[in-house]
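Below is one structure, written out as structure tokens; the observations come after it.
The values are calculated or read from the model by the stated rules, or taken from the named source; none is laboratory data. Please read all numbers here as calculations on a predicted model, not as lab measurements. Here the Cβ positions follow ideal geometry from the backbone for every residue, glycine too, while neighbour counts run over all protein chains shown.
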């Protein structure tokens, strides 16, 4: 139980750190493709150092881990490109919420792929959390925040699909943290550069103070935040990880209101409260094991 609590705390810490991503993207005031590109590019050197230190302790990353990390890098590139556009359309807070609709996708994909049968509490907590997400998204709110909510929702859904694939690929590759994330970050940087013309284009010349914010984004959420999350992914059920990561949009909404002046409506604030209740309930453990034994949770060949 002690080890489980430590892993949950690590996942929560990672989620809190990456909750600053959206506000930092807005503060950088650059195009979506530019912010997506440089948040990865600036993160590559420290990630390579961490991967090298990990390799010295544990040896080379297995081939399966490399391939899955490269695939994860491609979908992570799509995740960032879609999400940074969603920030442009509906603001940092709501875009982060829309980008976390992956909870259902991860829960049921993990059930089919990793044989992780969701616990009763998780199954009850998931629709509760989803209801809170819907309230925050402003679907039923005439005062919905954003310059183009329809495009924001579409970009947010695309983000969620990419994000779910990224989480599952990173979980299925290796129990290491730095190596897979370094491989994924390098591939994501290259993929974003290649795909950027399809997403409005990227400015490859750094400007200040915008790139100062992007440097903070890279070293904080991208390196530290995702290292903590990647460490926790293989050590707990994937669906529980996705549920805990919904702490991220809740915190981002609060930060965006304080720093960027984004003002959620009362209905959206009610959605925040619903998410808190769903996360607290869904992440608590019942007496019976919530998942199958480890040997029965390996990926299907």
**OP:** State whether the residues of the range 105-119 include one that is modelled with pLDDT under 75, closer than 30 Å to residue 41 by Cα and within 17 Å of the chain's Cα centre (by Cα).
**Re:** yes
Original post:
Among the candidates 300, 279, 223, which residue alone is out of contact with any strand residue (DSSP E or B) (no Cβ under 9 Å at 6 or more places or on another chain), closer than 28 Å to residue 3 by Cα, modelled with pLDDT under 80 and assigned to a helix (DSSP H, G or I)?
Top reply: 279
**OP:** For the range 38-77, enumerate the residues that are within 23 Å of residue 21 (Cα to Cα) and not in a helix (DSSP H, G or I).
**Re:** 42, 43
**OP:** Considering only the range 148-197, state which residues are without any contact (Cβ under 8 Å) to a residue 12 or more places away in the chain and either buried (at least 24 other Cβ atoms within 10 Å of the Cβ) or farther than 14 Å from residue 40 by Cβ (or both).
**Re:** 150, 154, 197
Subject >> Some residue of the range 90-106 being in contact with a helix residue (DSSP H, G or I) (Cβ under 7 Å, 6 or more places away or on another chain), within 27 Å of residue 139 (Cα to Cα) and surrounded by fewer than 18 Cβ atoms within 10 Å (Cβ to Cβ) >> reply: yes
Original post:
Only one residue in 65, 14 is closer than 30 Å to residue 207 by Cβ and at pLDDT below 90, so which one is that?
Top reply: 14
Subject >> Among the residues listed as 97, 74, 129, the single one being closer than 18 Å to residue 39 by Cβ, under 20 Å from the mean Cα position of the chain (by Cα) and at pLDDT 75 or above >> reply: 74
